[in-house]
Amino acid sequence: MADLELLTIKIQRMILDAQTTDKPLTPPLLIASVSRCPSINFFNVDNIEFMKTKPDKYYDLAIVDPPYGIDKDGGKIGGDNCGKAKNYTKKEWDKTPPPQEYFNELLRVSKNQIIFGANHFISRIPFNSNCWIVWDKDNTGNFADCELAWTSFDTAVRKFKWRWNGMLQQNMKDKQDRIHPTEKPIQLYQWLFINYWEKGMKVIDTHGGSFSIAIAADKENVDLDICEIDKEYFDAGVKRYETFKRQMRLF
């Protein structure tokens, strides 16, 4: 777009020594990019140690998709009547949900939270919720019909319907090429921003994964910090975001 405002985005590649929590953060690696967003920052870092560096209620909103503890951390995913299965690098991060310390820090550093998969670890969240978000995936076969997200908002239950059924997606003309075994659609994050974010709010995502949220944040002009500890996912997510930015510059 001719009137696209060019701003420099900081992509911060920060590694913490998990054995030395008092070690200062290493200087960020700055990569020039183009964005309409005030600030999108990527951190290759342990999210608990990262959150410990932030004061209370530093973020207005946390939108997170932590491990559910259901062993969906790679290998062959998909197949059956929904097309050919995709093979992801098998890892070990989805054996158990995050520890209680993670949730304590998340609630400390953020004013409001949207936590996907909370039905798998609800005992670790100390508050009830009026407002659960239901993502209707319009699925068939062995895939879950819906995914649930706990929220801290005092509103009614809300549903977002977007087909995510193996190779079948809601928008087949602009199909999302998946790079992560538990990837979520960009449009889901856009819907969350439209409904639960207001201009000027700072957002954190502690498990960047596929970085779908980064593209959604760029489209909706959201300030966002993303943590992703896995180097493979981090590099793939940064590459995906930069590819998106290059494509945007063509229009």
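The values are calculated or read from the model by the stated rules, or taken from the named source; none is laboratory data. The model shown is predicted, which means the values in this text are computed figures rather than measured ones. Cβ atoms come from the backbone with ideal geometry, glycine included; neighbour counts cover every protein chain shown.
Structural remarks
- For the stretch 103-119, filtering for residues that are crowded, with 20+ Cβ neighbours inside 10 Å and under 25 Å from H180 (Cα atoms) leaves 8.
- Selected residue (criterion: modelled with the lowest pLDDT) from residues of the stretch 65-99 that are surrounded by 15 or more Cβ atoms within 10 Å (Cβ to Cβ) and touching an Asp or Glu at 6+ places or on another chain (Cβ under 6 Å): D73
- Within the stretch 41-69, the only residue that satisfies the criterion of being at negative phi, among the charged types (D, E, K, R), in contact with a strand residue (DSSP E or B) (Cβ under 7 Å, 6 or more places away or on another chain) and assigned to a loop (DSSP other than H, G, I, E, B) is D65.
- When the stretch 198-224 is limited to residues that are buried (at least 22 other Cβ atoms within 10 Å of the Cβ) and among the charged types (D, E, K, R), the one that is modelled with the highest pLDDT turns out to be D205.
Quick grid of which residues meet (1) crowded, with 17+ Cβ neighbours inside 10 Å; (2) of a type in the set (S, T, Y):
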site	(1), (2)
R163	no, no
M167	no, no
N171	no, no
K175	no, no
H180	yes, no
E183	yes, no
Y189	yes, yes
Y196	yes, yes
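- Some residue of the stretch 132-139 being of a type in the set (V, I, T), outside any loop (DSSP other than H, G, I, E, B) and under 24 Å from F160 (Cβ atoms): yes
- Residue in the stretch 182-204 that is in contact with a Pro (Cβ under 8 Å, 6 or more places away or on another chain) and either among the β-branched types (V, I, T) or closer than 17 Å to A236 by Cβ (or both) present: no
- Some residue of the stretch 141-153 being surrounded by 14 or more Cβ atoms within 10 Å (Cβ to Cβ), touching a Cys at 6+ places or on another chain (Cβ under 6 Å), at pLDDT 95 or above and part of a loop (DSSP other than H, G, I, E, B): yes
- Scanning the stretch 121-134 for residues that are in contact with a Pro (Cβ under 9 Å, 6 or more places away or on another chain) and more than 16 Å from Q100 (Cα to Cα) yields no hits at all.
- Top-ranked residue in the stretch 225-243 [being of a type in the set (S, T, Y) and either touching a Gly at 6+ places or on another chain (Cβ under 8 Å) or surrounded by fewer than 21 Cβ atoms within 10 Å (Cβ to Cβ) (or both); ranked as nearest to K91 (Cα to Cα)]: Y233
- Among residues of the stretch 108-128 that are in a loop (DSSP other than H, G, I, E, B), those with a Cβ under 9 angstrom from a residue that is of a type in the set (D, E, K, R), sequence gap 6+ or separate chain, pair up as G117/D65; G117/E147.
- Residues of the stretch 205-231 classified as aliphatic (A, V, I, L, M) and in a helix (DSSP H, G or I), total: 5
- Whenever a residue of the stretch 51-73 is under 18 Å from W93 (Cβ atoms), its partners that are of a type in the set (D, E) and crowded, with 23+ Cβ neighbours inside 10 Å, lying with C-beta atoms within less than 9 angstrom and at least six residues away or across chains, give the pairs V64/D205; D65/D205.
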